[in-house]
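The values are calculated or read from the model by the stated rules, or taken from the named source; none is laboratory data. Not measured: the values here are computed from a predicted model. Cβ atoms come from the backbone with ideal geometry, glycine included; neighbour counts cover every protein chain shown. SASA here: full protein model, heavy atoms, side chains in, ligands and nucleic acids out. Shrake-Rupley method; radii C 1.70, N 1.55, O 1.52, S 1.80 Å.
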Amino acid sequence: MTNVPEDLHYTEDHEWVRFDAEAGVATVGITDYAQGELGDVVFLELPAVGTEIETKDSCGTIEAVKTVADLFAPLGGEIVEVNSVLEDHPELVNQDPYGEGWMIKIEVADPGQVDGLMDAAAYQAHIG
């Protein structure tokens, strides 16, 4: 059974978002379902800190044994942090997708965008 934490927001593209409203920063990664579908993640290409992104922009790639997938921005804003540990340990995406396997942090331009994301129940329905 796929792990879908209740306290996160989700996109149709299988990304999760943990939004810190006080800081205005969203931490983003791919869901347990996504990492399972991709298989063993072997390489990630993530955007540079300072990059401005719009919602739905491709902002990186995830290379797995089975395929290569795009990482899409769930929210618009500026990249303020990238999980550089993943350069040497991409397997963390598979091992701990909601913890050590996070990918980017975005300073969100419009916090209202978060309301457009799915909650856990909607995401669970989306993946079946």
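Contact map, the stretch 1-28: residues that are closer than 11 Å to ILE104 by Cα paired with residues that are β-branched (Val, Ile, Thr) and surrounded by fewer than 13 Cβ atoms within 10 Å (Cβ to Cβ), Cβ distance under 9 Å, separation 6+ or inter-chain. No pairs are found. No other residue among ALA120, ALA125 is over 15 Å from the mean Cα position of the chain (by Cα) and either of a type in the set (S, T, N, Q) or surrounded by fewer than 18 Cβ atoms within 10 Å (Cβ to Cβ) (or both) apart from ALA125.
Residues in the stretch 62-92 that are under 12 Å from the mean Cα position of the chain (by Cα) and among the acidic types (Asp, Glu): ASP70 alone.
Which ones in the stretch 1-38 are assigned to a loop (DSSP other than H, G, I, E, B), hydroxyl-bearing (Ser, Thr, Tyr) and either open to solvent by 30 Å² or more (accessible area, probe 1.4 Å) or over 11 Å from LEU117 (Cα atoms) (or both)?
Within the stretch 1-38, the subset assigned to a loop (DSSP other than H, G, I, E, B) is 1-8, 11-14, 21-24, 31.
So of that shortlist, the ones also hydroxyl-bearing (Ser, Thr, Tyr) come out as 2, 11, 31.
Matches in the stretch 1-38: THR2, THR31.
Just to be sure before I move on: is ASP115 open to solvent by 40 Å² or more (accessible area, probe 1.4 Å) and farther than 24 Å from GLU52 by Cβ in the structure I sent? Judged against the criteria, ASP115 is not a match.
Of all residues in the stretch 39-56, those satisfying the criterion of being over 19 Å from ALA73 (Cβ atoms) and in a loop (DSSP other than H, G, I, E, B) are GLY39, ASP40.
Residues ASP110, ASP115: which one is closer than 18 Å to ALA21 by Cα, without any contact (Cβ under 8 Å) to a residue 12 or more places away in the chain and among the acidic types (Asp, Glu)? It would help to see each step written out before you state the result.
Working: ASP110 fails: without any contact (Cβ under 8 Å) to a residue 12 or more places away in the chain.
The conditions single out ASP115.
Looking across the stretch 57-69, the residues that are in contact (Cβ under 8 Å) with a residue 24 or more places away in the chain and under 19 Å from TYR10 (Cα atoms) come down to CYS59, GLY60, ILE62, ALA69.
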